[in-house]
Amino acid sequence: MELVSLLSESKEDIIDEWFDAAVRAYPPDTASFLKRKANRFANPVGYNFLQAMDASLGYLTGQKKGEEVLDALEGLVKIKAVQEFSASQALKFIFILKDVLRRRAGGPSEELLEIESRVDELALVCFDIYMRSKNKLNDLRASEMRRMHYRLLERANIATRIDESGRSPDGGNGS
């Protein structure tokens, strides 16, 4: 439990180091913007990064519940899914934490292995969130494409509306 105590005591320094390493995945201009004040409205990505990092570290040290970390991670991972990052790029930030923790731990230990296992669990949760978000985005895109195509057909006067029973207003079956 001494590693957990060390992590709790140096939480802010760990988050700063983790955040700096994680934003390096972005282009330099974007990274410098993200490092500025993390305001929820002016800089939602930076804000969500810090929220997710704070909740994750709190979870690893036993200061936060799983629901809190899940909500915080969901906010960040959904943003990363919209930003068109690949799964590996989007979720790399969670694995960066392991490197930060190893440097802080000063060497291998059972306690470090246990904490790293919990980081892996967080990574799996992040992957599930990422995949759900990507699937929802793809569903939204497909729906929008269907709407666009229907509007084009409607403008060309070749679209037929079908009611709930599967029949078109002219009495046909829509086929």
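The values are calculated or read from the model by the stated rules, or taken from the named source; none is laboratory data. Treat the numbers as computed from the prediction; the structure is a model and nothing was measured. Here the Cβ positions follow ideal geometry from the backbone for every residue, glycine too, while neighbour counts run over all protein chains shown.
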task = Give, as residue ranges, the helices (runs of 4 or more DSSP H) completely inside region 1-63 that count at least 3 residues that are in contact with a helix residue (DSSP H, G or I) (Cβ under 7 Å, 6 or more places away or on another chain) and crowded, with 19+ Cβ neighbours inside 10 Å.
result = 11-22, 44-60
note = Restricting region 64-98 to residues that are in a helix (DSSP H, G or I) and aromatic (Phe, Trp, Tyr), the one farthest from residue 29 (Cα to Cα) turns out to be 95
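Just for region 132-149: of the residues that are free of Cβ contacts under 8 Å to residues at least 40 places away in the same chain and either touching a helix residue (DSSP H, G or I) at 6+ places or on another chain (Cβ under 9 Å) or not in a helix (DSSP H, G or I) (or both), which one is nearest to residue 91 (Cα to Cα)? Give the derivation first.
In the first step, residues of region 132-149 are kept if they are free of Cβ contacts under 8 Å to residues at least 40 places away in the same chain; the result is 132, 135-136, 138-149.
Next cut, either touching a helix residue (DSSP H, G or I) at 6+ places or on another chain (Cβ under 9 Å) or not in a helix (DSSP H, G or I) (or both) only: 132, 136.
Values: 132: 14, 136: 18 Å.
Selected residue: 132.
Looking at region 20-41, can you tell me whether even one residue there is under 11 Å from the mean Cα position of the chain (by Cα) and either within 24 Å of residue 138 (Cα to Cα) or among the aliphatic types (A, V, I, L, M) (or both)?
At the first step, the residues of region 20-41 found to be under 11 Å from the mean Cα position of the chain (by Cα) are none.
No, region 20-41 has no match at all.
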remark   = Within region 121-144, the residues that are among the polar types (S, T, N, Q) and surrounded by fewer than 13 Cβ atoms within 10 Å (Cβ to Cβ) are 135, 138, 143
remark   = Conditions (1) more than 15 Å from residue 57 (Cα to Cα); (2) in a helix (DSSP H, G or I) -> residue 122 fails only (1)
note = Scanning region 71-104 for residues that are β-branched (Val, Ile, Thr) and either under 17 Å from residue 118 (Cβ atoms) or buried (at least 17 other Cβ atoms within 10 Å of the Cβ) (or both) gives 77, 79, 94, 96, 100
key: Any chance residue 56 is modelled with pLDDT of 95 or more and under 21 Å from residue 3 (Cβ atoms)   = yes
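Can you tell me which residue is surrounded by the most Cβ atoms within 10 Å (Cβ to Cβ) among those in region 105-119 that are in contact (Cβ under 8 Å) with a residue 40 or more places away in the chain and assigned to a helix (DSSP H, G or I)?
Step one: list which residues in region 105-119 are in contact (Cβ under 8 Å) with a residue 40 or more places away in the chain, which gives 105, 109, 111-112, 115, 118-119.
Applying the additional criterion that residues be assigned to a helix (DSSP H, G or I) yields 105, 111-112, 115, 118-119.
On the way: 105: 18, 111: 15, 112: 17, 115: 21, 118: 12, 119: 17.
Residue satisfying both the conditions and the ranking: 115.
Do you know which residues across region 6-45 are within 17 Å of residue 106 (Cα to Cα) and either touching a Leu at 6+ places or on another chain (Cβ under 9 Å) or touching a residue at least 40 places away in the same chain (Cβ under 8 Å) (or both)? Full working, then the answer.
Initial filter on region 6-45 (within 17 Å of residue 106 (Cα to Cα)): 6-11, 13-14, 17-18.
Within region 6-45, 6, 7, 8, 10, 11, 14, 17, 18 qualify.
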